[in-house]
Amino acid sequence: MPRWESITRGAPSPVYRQLARVLAEAIDAGEYGPAQKLPSESDIQQLTGIAPMTTRKAFRLLAEQGKVRTIPARGTFVEPVGDLD
């Protein structure tokens, strides 16, 4: 389970970067495997209170790092996604 409690508002690092770090750590630890869907923006909001736009920024950062891919109307998945398209 990702360490949601380590995300701190008012910390020097923006919340979206903290969220991206928490998700990247969970991916690297094998908590989310290849092609596995990550929690949705609304799920993360319910778990943490983080706004969907902030979660989108975190997902975008993870995509730039090659860790995930967002597929419109499907969700955000750990790379390699394979043939989910």
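Per-residue answers, yes or no, for (1) more than 10 Å from the chain's Cα centre (by Cα); (2) modelled with pLDDT under 95; (3) farther than 20 Å from residue 74 by Cβ; (4) among the acidic types (Asp, Glu):
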site: 5; (1), (2), (3), (4): yes, yes, yes, yes
site: 14; (1), (2), (3), (4): yes, no, yes, no
site: 21; (1), (2), (3), (4): no, no, yes, no
site: 24; (1), (2), (3), (4): no, no, yes, no
site: 36; (1), (2), (3), (4): yes, no, no, no
site: 39; (1), (2), (3), (4): no, no, no, no
site: 43; (1), (2), (3), (4): yes, no, no, yes
| residue 56 being modelled with pLDDT of 95 or more and within 11 Å of the chain's Cα centre (by Cα) | yes
| request: Name every residue in the stretch 60-75 that is part of a loop (DSSP other than H, G, I, E, B) and surrounded by 17 or more Cβ atoms within 10 Å (Cβ to Cβ), in order of residue number. | output: 67
| query | Looking only at the stretch 28-58, which residues are in contact (Cβ under 8 Å) with a residue 24 or more places away in the chain, surrounded by 14 or more Cβ atoms within 10 Å (Cβ to Cβ), in a helix (DSSP H, G or I) and not β-branched (Val, Ile, Thr)? | reply | 57, 58
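The values are calculated or read from the model by the stated rules, or taken from the named source; none is laboratory data. Small disclaimer: the values here were computed from a predicted structure and weren't measured. Every residue, glycine as well, gets a Cβ built from its backbone with ideal geometry; the counts of neighbours run over all protein chains shown.
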